[in-house]
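What follows is a short report on a single structure.
The values are calculated or read from the model by the stated rules, or taken from the named source; none is laboratory data. Everything numeric here is computed off the predicted structure, so don't read it as measured data. All Cβ positions, glycine included, derive from the backbone under ideal geometry; neighbour counts span all protein chains shown.
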Amino acid sequence: MLQERVEGKWLAAFRRVMALNGIGKGTPIAILSETQSRPVLIHLCELAAYDLGADVCMIQMPTPPQSAPVPVKSTGTSWALQGNRAAIEALKQVDVVVDCTVEGLIHAPEWPEIEGSGRTRLLVITNEHPEILERTEPRAEDGPKVELGIQMLREASEMRVTSALGTDLTVDLRGAPCGGTAGFSTKPGGVAHWPGGLCLAFPGQSAVNGRIVMGVGDMNLTFKTFLSGPIDITVENDFITKIRGDGIDALHFREYMEAWGDRNAYGISHVGWGMNTGARWVSATMYDKRDMQAVEFRALPGSFLWSTGANQYAGRYTLGHFDLPMRNCTIALDGRVVVKDGVLQGDLA
Ligand SMILES: [Fe+2]
């Protein structure tokens, strides 16, 4: 079992990542957490911020009661703030929210208001064991490639994803908001998470059509599992209309979707690819689920990452969310191959 204690090497990594995010002497920051946060992460943030001379306040929320019909894990939608006015107003008064909530504020309902203050940026320390953070530490040199990938997505009209297993998906990217992070940001409103390293787009309405065939070794990051058998998925006008497969993975996929009783849970949320050279498929076999938030696997270099659930840009809201990274896919933007059989190509490689 991995121990969770402050180690000098982890404190040094937290100092480096905070500095990369523009935190230094006198920077006003808030370390936000909840009662179910991983204590060692809060402690490392506190000590690193002290060493850097930041102007720090620490806010801890009680973890809210569960409201969903099934367990909700690894969504990036923290409910920890619970609309609390005192906490929201405080977060609008700092330059950086260092976010140690279990799920992170990226898709939290309160974030747009906090971002709208024109001042605050977000650094999400995802709920991983520090050993995972150590291996996936963001570095300044990762920035330009991730920026290039996001730019290529922005300029493209169409994404086509194919694979030997039978995936053939077409995504209309026109007007789709594109984003991603290398794990650091220094501008107001910026959103960074550690681990970082992904490029993604949120397709608009009637934009996603085709077939996705997931195979052995692909992952479901809500369950934090590798697939042991195929799931054959049909997507028509942004919604999953068929989920075929006899194995346990397809069964759980269908069951979890059905539990929401919400058509929007079947909608496509985001599509993109990972770029973190420190991320490894195999590391999921080497940690307990409690050690992982599984953000590393959203950033696997050359993976095709697609997801189901909320897509605010297509006007769909739901709490159900799957992030689903796939191996061995080919991704083309307007016919230009950026990932070939699961390997980043050209300037992205
Ligand atoms: Fe997601």
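Give me the strands (runs of 3 or more DSSP E) completely within region 301-349, filtered to those with at least 2 residues that are surrounded by 20 or more Cβ atoms within 10 Å (Cβ to Cβ) and modelled with pLDDT under 95, ordered by residue number.
In region 301-349, the matching strands (runs of 3 or more DSSP E) lie at 304-311, 316-326.
Could you list, in sequence order, all residues of region 225-283 that are of a type in the set (Gly, Ala, Ser) and either within 16 Å of the ligand (Cβ to nearest atom) or under 20 Å from the mean Cα position of the chain (by Cα) (or both)?
Passing the criteria: 265, 267, 269, 272, 274, 278, 279, 283.
Would you point out which residue out of 170, 241, 234 is in contact with a Gly (Cβ under 6 Å, 6 or more places away or on another chain) and at pLDDT 95 or above?
Testing whether each residue is in contact with a Gly (Cβ under 6 Å, 6 or more places away or on another chain) and at pLDDT 95 or above leaves just 170.
Pull up region 299-311, narrow it to residues that are away from the ligand (no atom under 12 Å from the Cβ) and among the small types (Gly, Ala, Ser), then point me to the one that is farthest from residue 284 (Cα to Cα).
For region 299-311, the residue satisfying everything is 302.
How many residues are within 16 Å of the ligand (Cβ to nearest atom) and of a type in the set (A, V, I, L, M) if we restrict to region 284-298?
3
What's the number of the condition residue 104 fails, among (1) within 20 Å of the chain's Cα centre (by Cα); (2) outside any loop (DSSP other than H, G, I, E, B)?
(2)
Kindly provide the set of residues from region 68-85 that are touching a residue at least 40 places away in the same chain (Cβ under 8 Å) and either more than 24 Å from residue 222 (Cα to Cα) or loosely packed, with under 15 Cβ neighbours inside 10 Å (or both), ordered by number.
68, 69, listed by residue number.
For region 47-85: of the residues being more than 16 Å from the ligand (Cβ to nearest atom) and among the charged types (D, E, K, R), which is nearest to residue 14 (Cα to Cα)?
51
When region 244-276 is examined, which residues are found to be assigned to a loop (DSSP other than H, G, I, E, B) and either within 15 Å of residue 325 (Cα to Cα) or free of Cβ contacts under 8 Å to residues at least 12 places away in the same chain (or both)?
275, 276
Which members of region 312-349 meet the condition of being within 16 Å of the ligand (Cβ to nearest atom) and touching an Asp or Glu at 6+ places or on another chain (Cβ under 6 Å)?
Listed by number, the residues that qualify are 318, 326.
Just one of (1) touching a Leu at 6+ places or on another chain (Cβ under 7 Å); (2) assigned to a loop (DSSP other than H, G, I, E, B) trips up residue 93, so point out which.
Result: residue 93 passes all but (1).
Kindly indicate which of 158, 134 is touching a residue at least 40 places away in the same chain (Cβ under 8 Å) and either crowded, with 16+ Cβ neighbours inside 10 Å or assigned by TED's automatic domain parsing to the domain that holds residue 34 (or both).
Matching residue, one of 158, 134: 134.
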